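Asker: Just passing along the structure, written as structure tokens.
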Ligand SMILES: Nc1nc2c(ncn2[C@@H]2O[C@H](COP(=O)(O)OP(=O)(O)OP(=O)(O)O)[C@@H](O)[C@H]2O)c(=O)[nH]1
Ligand SMILES: [Mg+2]
């Protein structure tokens with residue numbers, strides 16, 4: 001019998017008074033089915049709640065020196081496991097790539113403008129093939145001739161010494177010897193041989209003052225509004241008084257304005273510190289001196305030293321800040337500032353998309369880059385300028401954020417960065433950021449696992465921020481860029497890059513805090529290493545213990561892997577397995593397999609640990 005009530009819903013749900021016995025049976029069946037479904041929904045909600053409570057959280061820490069490839073590895077994880085979000089963010093990287101291009105061009109211009117440097121265009125012979133010629137420049141090659149070794153340190157990975165550097169790392173594994181610099185015959189383009197003189201590189205017997213460039217930029221800030229602008233057609237508007245190089249430089253002046261714009265765009269307000277460019281030798285996080293070269297919020301460079309410029313890098317804090325500056329949408333990339341241990345939680349949703357809308361919106365930097373593209377190509381493809389860069393030991397191709405071989409594509413008005421472009425882009429990390437995600441593409445036992453990947457700044461001044469993140473970490477991927485065997489740290493010119501990696505690896509292996517953490521080693525930048533070795537730069541000149549082993553990628557990487565493995569074995573407080581990979585993390589094809597193995601290993605270890613607890 002229906003119960004009378006004042007609830008209008010009861011009124012609606014009440015069976016009709018004239019219900020027949022058949023209708024009643026049907027109604028009761030329907031009600032039973034509805035109840036069954038309702039109970040099933042309740043049970044599934046309860047199960048979901050319990051599962052969420054028990055959710056596995058796997059924390060992975062990326063460590064290694066600056067430019068070792070940590071952030072690139074993080075981007076590979078994003079590309080592989082949250083591909084939709086990665087794809088939707090690509091447009092946001094366009095500004096970073098624009099800045100990378102602008103700064104590469106400025107590095108070249110500054111190198112050509114170094115005081116006391118006589119341009120190769122000064123000779124009548126070279127003038128004939130100077131910038132003013134109309135011939136289409138040859139296609140650039142990625143295989144530039146062997147650079148002259150920059151730092152003549154020799155590392156002996158076999159010998160022990162008690163030398164301890166001022167960063168508290170004992171360097172008994174790698175020892176620097178400052179013997180006489182190894183000399184390699186530089187490969188000089190044939191037409192340069194007569195005037196190139198290694199002993200006196202700055203002297204050009206054919207020099208002609210008309211072409212001497214004394215100053216990189218005018219003392220007073222350039223007037224961007226009235227400065228000469230590149231003609232999109234590529235035709236030049238030079239005055240008779242200008243040398244071809246000066247005219248080209250003048251046409252490229254708008255790039256200065258673009259650089260300022262991009263810094264303003266990438267760096268959020270109230271982030272003045274993040275706009276500082278680290279001064280060379282600024283190895284302890286000291287701010288550049290007021291007279292040093294740094295950018296203010298208006299983006300003007302106060303420093304004028306061309307020789308200093310090329311060592312300076314723009315950086316922004318990781319996290320939603322810079323991406324938020326470009327698109328209000330991005331939230332899934334929580335950031336930390338200097339070692340804060342609690343993360344800003346993401347809302348767990350896939351980030352809303354900036355989508356392709358960036359392609360449609362007017363973008364002044366892209367327009368200026370497009371207008372300057374012919375001049376930029378002419379600058380980069382000029383054989384004489386390439387020669388000067390080699391002589392100045394500037395190897396842009398080996399550095400991060402190198403897009404000069406792709407100028408036609410990246411300066412097109414509708415340019416959308418590809419996956420590879422995003423991986424190649426360079427943006428220095430300052431602070432620590434934790435990226436949380438559940439894999440969009442997950443299988444088997446890792447489904448339901450929340451991944452937290454912590455990316456840190458790797459320069460020496462940043463390393464004190466690492467410690468708080470050593471807690472609760474399941475695995476560490478340590479990146480050692482082994483191509484840096486003939487280079488030094490940007491922040492400390494007395495330290496060989498490979499030596500720094502070895503010492504850092506040793507410190508990580510010996511850490512008691514990390515005694516139970518699995519360490520995965522990426523011997524990274526093997527693609528650059530291979531090019532270097534093939535170009536004739538010998539590892540044995542820098543790593544004496546390498547002896548007369550073959551100077552090829554296979555032998556060198558095996559040898560270095562053995563050395564890192566030995567350190568792991570000798571210095572780990574408890575015995576643990578060694579996982580070492582030779583990687584080029586910008587390479588999507590090879591890195592996918594390696595990351596899949598790491599993922600499986602980390603999940604396996606995580607499950608094992610959970611069972612032990
Ligand atoms: N060719 C090549 N370039 C690489 C490789 N790994 C990283 N890079 C590039 O090197 C540059 C530096 O890489 P990042 O991932 O930014 O280095 P990082 O370790 O995060 O550096 P910090 O943020 O300064 O600590 C980027 O432009 C990368 O694209 C590699 O294996 N091969
Ligand atoms: Mg980084």
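Please treat every number below as a calculation from the coordinates, not as lab data. Just so you know, these numbers come straight off a predicted model, no measurement behind them. Cβ coordinates were reconstructed from backbone atoms using ideal geometry, including for glycine residues, and neighbour counts include every protein chain displayed.
Asker: Find how many whole Å separate the alpha carbon centroid of the range 80-94 from the alpha carbon centroid of the range 455-507.
Answerer: 27
Asker: Arranged from highest to lowest average of other beta-carbon atoms within 10 Å per residue, in what order do the peptides 497-503, 453-459 appear?
Answerer: Numbers: 497-503: 26.0, 453-459: 24.0.
Ranked from most to least packed, the peptides come out as 497-503, 453-459.
Asker: Now for a different question. Considering the Cα trace of the range 438-541, what is its radius of gyration and what is Dmax, both in angstroms?
Answerer: In order Rg, Dmax, the Cα atoms of the range 438-541 give 16.8, 50 Å.
Asker: What is the distance in Å between the Cα centres of the range 364-426 and the range 250-265?
Answerer: 15
Asker: Label points 7 Å out from Cα along the Cβ direction at residue 555 and residue 364: separation in nm?
Answerer: Rounded to a tenth, the inter-label distance reads 5.6 nm.
Asker: With the crude spin-label approximation of a point 7 Å out along Cα→Cβ, what separation in nm comes out for residue 44 versus residue 470?
Answerer: If labels sit at residue 44 and residue 470, their model points lie 4.6 nm apart.
Asker: Based on C-alpha coordinates, I'd like the Rg and Dmax of the range 454-613, in Å.
Answerer: Taking only Cα atoms of the range 454-613, I get Rg and Dmax of 16.3, 53 Å.
Asker: Below 8 Å, C-alpha to C-alpha, sequence gap of six or more: please give me the relative contact order for the range 464-613 in percent.
Answerer: Over the range 464-613, the number comes to 26 percent.
Asker: How far apart, in nanometres, would the label points at residue 493 and residue 548 be if each is projected 7 angstrom from Cα along the Cα-to-Cβ direction?
Answerer: Inter-label distance under the simple model: 3.6 nm.
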